[in-house]
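Enquirer: Structure incoming, see below.
The values are calculated or read from the model by the stated rules, or taken from the named source; none is laboratory data. On a predicted model such as this, the values are computed, not experimentally measured, just so you know. Note that each Cβ is placed from the backbone with ideal geometry, even for glycine, and that neighbours are counted across all protein chains shown.
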Amino acid sequence: MTTPMIKFDHVNKIYGDTKAVDDLSLTINEHELFVLVGTSGSGKTTTLKMINQLIKPTNGTIYFNKRAVTDYKVRDLRWDIGYVLQQIALFPNMTVGQNIALIPELKHWDRAKIKTTVDELLTQVELPPEKYRDRMPAELSGGEQQRVGILRALATQPSVILMDEPFSALDPLSRTQLQDLLLRMHQRLQMTIVFVTHDMNEALKLGDRIGVMRQGQLLQVASPQEISEHPVNEFVRSFFATSTSQSDLLNQPISQLTKYWQPIDQSTPTSTVIDINASLTDVLPELVNQECVVIKRADQPIALLTRQNILQYLSEQSPNN
Ligand code: ADP
Ligand code: MG
């Protein structure tokens, strides 16, 4: 049975002569991972911020758990709705552990429970607590900081988490890792997630359902499969087609990347050996925990591809270039 968690009922947000959000009606269900996708300026952030009342609609009503959001005390609403942004602002003068413990402390949890929660959360995202708990944010990579930011939002198990392009500033490898992590956590914890992105591939990978926005309007709401097979109009079709060419990029066989190959020499560390017919999609997961892979042809090692080589290739091919 599906229970509505968040409901927009004919919601508008107007700035001067810009309709940032134009007559939005949408229901997001409990436990759902709902993705709002659209190009820059389509109204995604405005939509998200109206849920936790960072922005008030010009008119229309938004419901959270069947009550209008305006009927909640803002503090109660925000405590029950986690919020994760592209550039997560961890407090720079607090350790990783203190950052995650922040909201539990505000909620007066007891110390022992906070400590266990922090350590459990860090363990779940493969940041061993004894190694990471007492580090400062500046001593973490971008991907690690983003993981801690997500944990901070998860710490008190809010029933809803709003995520605004949380992985957009990350390199492709960290982004893939964090997408996988999010899917695992969602599977385990079953919280309701509203996830905003401009990247259709990310939407297709993560979404139980996807809403496509353009110029403040919600054009289509459907499952990833429906949306790729039956786009509602030309805009959605072409948006999807552009992102397919991005996934073509990842389906490139590494044999096409000779420009980026490196010679093998004595100092080459022991690495996974990959067949020359493999694609980038096969190689990327290998590069999460090692710097390079060895390419073989007919069982003979012939070249190396390093993580740096791949990042360079991807950034050179990126349509934003
Ligand atoms: P997205 O997150 O999809 O990039 P936004 O929700 O941030 O889009 O913005 C939607 C539209 O509303 C854009 O045209 C943007 O310029 C406009 N807009 C957003 N916030 C304001 C504001 N505070 N004042 C005026 N216009 C705004
Ligand atoms: Mg935005």
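Enquirer: What pairs come up if the first residue lies in region 36-57 and is under 12 Å from residue 212 (Cα atoms), the second is basic (Lys, Arg) and more than 9 Å from ligand 2 (Cβ to nearest atom), and their beta carbons are under 6 Å apart, counting only those six or more places apart or on different chains?
Expert: 38/214; 42/214
Enquirer: What number of residues within region 78-108 are buried (at least 16 other Cβ atoms within 10 Å of the Cβ), farther than 13 Å from residue 148 by Cα and without any contact (Cβ under 8 Å) to a residue 40 or more places away in the chain?
Expert: The qualifying residues number 1.
Enquirer: Applying the selection to region 176-201, what residues are modelled with pLDDT of 95 or more and within 14 Å of ligand 1 (Cβ to nearest atom)?
Expert: Selection gives 194, 195, 196, 197.
Enquirer: So, one more: Quick one: in region 157-182, of everything that is part of a loop (DSSP other than H, G, I, E, B) and touching an Asp or Glu at 6+ places or on another chain (Cβ under 9 Å), which residue is nearest to residue 120 (Cα to Cα)?
Expert: 158
Enquirer: With respect to residue 133, is the statement that it is free of Cβ contacts under 8 Å to residues at least 60 places away in the same chain, assigned by TED's automatic domain parsing to the domain that holds residue 235 and either crowded, with 18+ Cβ neighbours inside 10 Å or in contact with a Phe, Trp or Tyr (Cβ under 7 Å, 6 or more places away or on another chain) (or both) true?
Expert: Values: free of Cβ contacts under 8 Å to residues at least 60 places away in the same chain: yes; assigned by TED's automatic domain parsing to the domain that holds residue 235: yes; either crowded, with 18+ Cβ neighbours inside 10 Å or in contact with a Phe, Trp or Tyr (Cβ under 7 Å, 6 or more places away or on another chain) (or both): yes.
When the stated conditions are applied, residue 133 passes them.
Enquirer: Answer yes or no: is there a residue in region 288-302 that is free of Cβ contacts under 8 Å to residues at least 24 places away in the same chain, surrounded by 17 or more Cβ atoms within 10 Å (Cβ to Cβ), outside the structural domain of residue 182 (by TED's automatic domain parsing) and within 29 Å of residue 143 (Cβ to Cβ). Show your work before the answer.
Expert: Restricting attention to region 288-302, the residues satisfying the condition of being free of Cβ contacts under 8 Å to residues at least 24 places away in the same chain are 289-291, 293, 296-300.
Keeping just the survivors that are surrounded by 17 or more Cβ atoms within 10 Å (Cβ to Cβ) gives 293.
Then drop every residue that is not outside the structural domain of residue 182 (by TED's automatic domain parsing), which leaves 293.
Adding the requirement that they be within 29 Å of residue 143 (Cβ to Cβ) leaves 293.
Within region 288-302, one or more residues are free of Cβ contacts under 8 Å to residues at least 24 places away in the same chain, surrounded by 17 or more Cβ atoms within 10 Å (Cβ to Cβ), outside the structural domain of residue 182 (by TED's automatic domain parsing) and within 29 Å of residue 143 (Cβ to Cβ).
Enquirer: Still on this model: Looking at this structure, is residue 150 more than 16 Å from ligand 1 (Cβ to nearest atom), modelled with pLDDT of 90 or more and within 12 Å of the chain's Cα centre (by Cα)?
Expert: Working: more than 16 Å from ligand 1 (Cβ to nearest atom): yes; modelled with pLDDT of 90 or more: no; within 12 Å of the chain's Cα centre (by Cα): yes.
No, not satisfied.
Enquirer: Another one. Against the definition (more than 16 Å from ligand 1 (Cβ to nearest atom), assigned to a loop (DSSP other than H, G, I, E, B), at pLDDT 95 or above and surrounded by fewer than 20 Cβ atoms within 10 Å (Cβ to Cβ)), how does residue 10 come out, yes or no?
Expert: On the way: more than 16 Å from ligand 1 (Cβ to nearest atom): yes; assigned to a loop (DSSP other than H, G, I, E, B): no; at pLDDT 95 or above: yes; surrounded by fewer than 20 Cβ atoms within 10 Å (Cβ to Cβ): yes.
So residue 10 does not fit the description; no.
Enquirer: Please determine whether any residue of region 59-82 is within 16 Å of ligand 2 (Cβ to nearest atom) and either in contact with a helix residue (DSSP H, G or I) (Cβ under 8 Å, 6 or more places away or on another chain) or not hydrophobic (A, V, I, L, M, F, W, C) (or both).
Expert: From region 59-82, those within 16 Å of ligand 2 (Cβ to nearest atom) are none; that's our starting set.
No: zero hits.
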